[in-house]
1. Given B:70, B:116, B:137, which one lies farthest toward the positive end of the charge dipole of the range B:47-169, if we put +1 on the Cβ of every Lys and Arg and -1 on the Cβ of every Asp and Glu?
2. Could you work out the relative contact order of chain B, using alpha carbon pairs under 8 angstrom and six or more residues apart, expressed as a whole percent?
3. Using a Förster radius of 25 Å, what is the FRET efficiency between residue B:151 and residue B:6 based on their Cβ-Cβ separation? Nearest 0.05, please.
4. What lysines sit close enough to residue B:78 to cross-link, taking a C-alpha to C-alpha distance under 28 Å and skipping anything fewer than 8 places away on the same chain?
5. Over the Cα atoms of the range B:90-169, how large are the radius of gyration and the largest Cα-Cα distance (Dmax), in Å?
6. Roughly how crowded by other chains is peptide A:11-20, in terms of the mean Cβ count from those chains within 10 Å of each of its Cβ atoms?
7. Report the net charge of residues surrounding residue A:17, where surrounding means a beta-carbon distance below 11 angstrom and charges are Lys +1, Arg +1, Asp -1, Glu -1.
8. How much of the DSSP beta bridge set in the protein assembly as shown is antiparallel, as a percent to the nearest 5?
Amino acid sequence: MRVELLWWDGCPSHPETLAALERSLSAAGLDSQVQMVEIESDEQARRERFPGSPTIRIDGDDIFPCPEGEPYSLTCRVYRLRDGRPSPTPDPEDLLEKIRLRAHPAEPGACG
Amino acid sequence: MQIGDEASGFSLPATDGTEHGPDGVTVVVFTCNHCPYALAWHDRLTQVARDYDGRARLLAVNPNNAETHPRDSFDAMKERVDADGGWPHPYLRDESQEVARAYGARTTPDVFVLDADGVLRYRGAPDADHRDERQGASWLRDALDAVLAGDEPARPETEPVGCSVKWKR
């Protein structure tokens, strides 16, 4: 599983996000190394389809996908905590849930 | 601008069509619409404006380049205040970014407390943790209480935390 953390140094949230991501990977029983990808220009942001910092991708997919039409640029992402408050980083429980879903997808036909 | 320096005066347009600048004890907060740190601290800052009404005024100033960050345009600022049903303090547009440059603003938010003579008495973050609402902008409140009592803030400077100001090139 390829795990990437795309970041821009205009937002100070990437160290906290990296720590939370590593905790979630460990809790999900994964030993994947996080690849840090620094985004340094708007042109690179468009090329990388980077909606803001921090962005977490697993096997190329943004695990917190943005709505259609969101511009790609050097900016900071606004996440929502489970209680609705805005946050520079994903809710830790949401992050762990997303990682677990990617790590252990439901078996086809399995129910209950 | 350093602690103890006299701050530049200014007059900037607000979302409601009025103009405002420092007058008496004033909190100048550089902030914006798009930054999650500014959003996380917003309610705590508006509560400060309510709690110190009549003793100090709070001016929120958005200096960001709206060409690269359209969510910080003057129109978007007006829409946000309208959507909230009004704010207890003005929301000012620093289109030229001259005020932000004069103050040396680095992030959104970046808080400056001026005494009644316009001298800078506090600069930095509202409190120690954007995630913890219970902090209640305590660093800013401590500084305001000291200034209003005619004292020096015990903690005159902290590290501002937030998104970088989006400068025009």
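Just so you know, all these numbers are worked out from the coordinates, no wet-lab data involved. Not measured: the values here are computed from a predicted model. Please note: Cβ atoms are built from the backbone with ideal geometry, for glycine as well, and neighbour counts cover all protein chains shown.
1. B:70
2. Reported as a whole number, the value is 31 percent.
3. The pair residue B:151/residue B:6 has a calculated efficiency of 0.85.
4. B:166, B:168
5. Taking only Cα atoms of the range B:90-169, I get Rg and Dmax of 13.4, 42 Å.
6. Partner Cβ neighbours, averaged per residue: 2.
7. Computed value for this residue: 0.
8. Beta bridges within the protein assembly as shown, antiparallel portion: roughly 60 percent.
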